[in-house]
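A.B. asks: A single structure is presented below for examination.
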Amino acid sequence: MLVSIYRYNPETDEKPVMQDVNVDLPQGKDLMVLDVLELMKQQDTSISYRRSCREGVCGSDGMNMNGTNGLACITPVSSIVKPGKKLILRPLPGLPVIRDLVVDMTIFYKQFEKVKPYLINDEPATAIERLQSPEEREKLDGLYECILCACCSTNCPSFWWNPEKFIGPAGLLQAYRFLADSRDTATVERLSALEDPFSVFRCRGIMNCVAVCPKGLNPTRAIGHIKSMLIQQAT
Amino acid sequence: MVTNVSSFGRSGLYDWIIQRLTAVVLASYTFFLLGIFILNPDLDYEQWHGIFSSFGMRFYTLLAMLSVCAHAWVGMWTISTDYLTDDMLGSKAVAVRFVFQVVCALVFLAYLVWAIQILWGIS
């Protein structure tokens with residue numbers, strides 16, 4: 001199969017190039033894109049990408065495959081390439097490239113940090129765990145599962161235009177995860193930090209985040225909940 | 001929190017609510033005008049003049065005009081801060097964005113004054 005892969009080594013290359021590589025795939029098997037990359041790396045050890053768990057849990061191998069972001073380890077080649085066509089691999093869009101498919105995720109983590117992704121509780125510590133009812137716990141479903149692979153934020157045009165001001169779908173999903181937590185007491189402060197024209201409101205409901213999330217999460221819905229909470233607080 | 005001075009309500013929440021409220025006003029005004037045209041298929045100048053001579057119609061039209069200006073300001077401001085940024089234009093971005101926003105504001109103000117002149121100029 002023909003694979004077109006984005007190559008860039010800032011130490012030696014002036015510009016990034018798309019390199020065509022022929023890869024022999026085993027017959028009768030539908031490989032994951034990560035397996036194809038591993039085969040390519042056996043031929044050319046200089047090809048760089050991040051990977052770890054190879055089962056969609058660690059979120060390391062987020063990349064752009066034939067125009068769509070996803071995790072290479074859980075994306076079957078057959079799901080993105082029609083028979084006889086090229087597999088096109090690029091780094092996650094919108095972030096600075098360190099080398100080949102490896103991107104600098106500093107700005108992504110900075111936006112994540114902004115939403116204070118940890119429980120804040122100013123009540124005296126309890127002798128046992130802070131308990132939640134099953135209903136309260138249920139509110140966190142669809143929020144806590146995020147693995148921070150950055151597939152959503154780097155497929156979001158609003159994040160491309162304002163990566164330093166718009167928190168992005170991944171960060172906002174976590175913002176709502178703590179706003180919705182019955183044990184968190186910083187709701188007012190969290191909301192106040194989000195009401196400017198950029199942090200939340202740059203979301204235009206494009207829903208690329210929902211389309212690409214490898215965990216099937218829905219950041220747009222979480223952003224809608226944040227907007228409702230902001231309106232409730234302000235009126 | 002990202003600070004800013006040139007957005008309409010200086011708050012994303014207010015801009016967002018203004019955008020939606022003005023959209024409702026504009027939609028209702030559009031349907032109201034459509035209703036007039038449908039109910040009066042052979043509308044002549046005398047009737048048209050009569051409709052716009054009432055205070056209610058002038059008020060409603062002015063409200064629609066104010067909504068156009070507020071709605072357009074929020075929208076154009078958003079466009080300018082999406083596309084006329086440092087990433088796109090480099091160091092000139094602030095100047096270009098500022099000029100763009102001032103021109104937009106002047107155009108909206110001119111439309112508003114013009115609309116008032118027309119509405120209250122009806123004799």
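The values are calculated or read from the model by the stated rules, or taken from the named source; none is laboratory data. Because the structure is a prediction, the values reported are computed rather than measured. When we count neighbours, we look across all protein chains shown, and the Cβ atoms used for this are built from the backbone with ideal geometry, even at glycine. Keep in mind that these areas ignore ligands, DNA and RNA; they rest on the heavy atoms of the full protein, side chains included. Shrake-Rupley method; radii C 1.70, N 1.55, O 1.52, S 1.80 Å.
A.B. asks: Collect the residues in the range A:115-141 that are closer than 14 Å to A:PRO219 by Cα and touching a helix residue (DSSP H, G or I) at 6+ places or on another chain (Cβ under 8 Å), keeping them in residue-number order.
C.D. replies: Once the filter is applied, which keeps residues that are closer than 14 Å to A:PRO219 by Cα and touching a helix residue (DSSP H, G or I) at 6+ places or on another chain (Cβ under 8 Å), the range A:115-141 yields only A:LEU140.
A.B. asks: Among the residues of the range A:189-223, which ones are part of a helix (DSSP H, G or I) and more than 14 Å from every other protein chain (Cβ to nearest Cβ)?
C.D. replies: Taking the range A:189-223 first, the residues part of a helix (DSSP H, G or I) are A:189-192, A:208-212, A:219-223.
Those that are part of a helix (DSSP H, G or I) and more than 14 Å from every other protein chain (Cβ to nearest Cβ): A:ASN208, A:CYS209, A:VAL210, A:ALA211, A:VAL212, A:PRO219, A:THR220, A:ARG221, A:ALA222.
A.B. asks: Moving on to the next point. Which residue out of B:ASP42, B:ASP86 is under 28 Å from A:SER158 (Cβ atoms), charged (D, E, K, R) and either surrounded by fewer than 13 Cβ atoms within 10 Å (Cβ to Cβ) or touching a residue at least 60 places away in the same chain (Cβ under 8 Å) (or both)? It would help to see each step written out before you state the result.
C.D. replies: Values: B:ASP42 fails: under 28 Å from A:SER158 (Cβ atoms).
Being under 28 Å from A:SER158 (Cβ atoms), charged (D, E, K, R) and either surrounded by fewer than 13 Cβ atoms within 10 Å (Cβ to Cβ) or touching a residue at least 60 places away in the same chain (Cβ under 8 Å) (or both) holds for just one of B:ASP42, B:ASP86, which is B:ASP86.
A.B. asks: Return a yes/no flag: does the range B:76-83 have any residue that is without any contact (Cβ under 8 Å) to a residue 40 or more places away in the chain, surrounded by 12 or more Cβ atoms within 10 Å (Cβ to Cβ) and under 12 Å from the mean Cα position of the chain (by Cα).
C.D. replies: Yes, because at least one residue in the range B:76-83 is without any contact (Cβ under 8 Å) to a residue 40 or more places away in the chain, surrounded by 12 or more Cβ atoms within 10 Å (Cβ to Cβ) and under 12 Å from the mean Cα position of the chain (by Cα).
A.B. asks: Since A:GLN174 meets every condition but one in (1) surrounded by 17 or more Cβ atoms within 10 Å (Cβ to Cβ); (2) more than 14 Å from chain B (Cβ to nearest Cβ); (3) of a type outside the set (Val, Ile, Thr); (4) part of a loop (DSSP other than H, G, I, E, B), which condition does it not meet?
C.D. replies: Answer for A:GLN174: the failing condition is (4).
Yes/no per residue for (1) touching a strand residue (DSSP E or B) at 6+ places or on another chain (Cβ under 7 Å); (2) closer than 25 Å to A:PHE159 by Cβ:
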{"site": "A:TYR6", "(1), (2)": "yes, yes"}
{"site": "A:PRO16", "(1), (2)": "yes, yes"}
{"site": "A:GLN27", "(1), (2)": "no, no"}
{"site": "A:PRO76", "(1), (2)": "yes, no"}
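A.B. asks: Can you name every one of the helices (runs of 4 or more DSSP H) wholly within the range A:70-149 that holds 2 or more residues which are open to solvent by less than 60 Å² (accessible area, probe 1.4 Å) and under 20 Å from A:VAL23 (Cβ atoms)?
C.D. replies: A:77-80
A.B. asks: Can I ask one more? (1) in a strand (DSSP E or B); (2) free of Cβ contacts under 8 Å to residues at least 60 places away in the same chain: which one isn't true of A:ARG50, the others all being true?
C.D. replies: For A:ARG50, the exception is condition (1).
A.B. asks: While we're here: Select from the range A:177-188 the residues that are open to solvent by less than 40 Å² (accessible area, probe 1.4 Å) and assigned to a loop (DSSP other than H, G, I, E, B) and write down the one among them that is farthest from A:LEU131 (Cα to Cα).
C.D. replies: Step by step, filter the range A:177-188, then rank; the result is A:ALA186.
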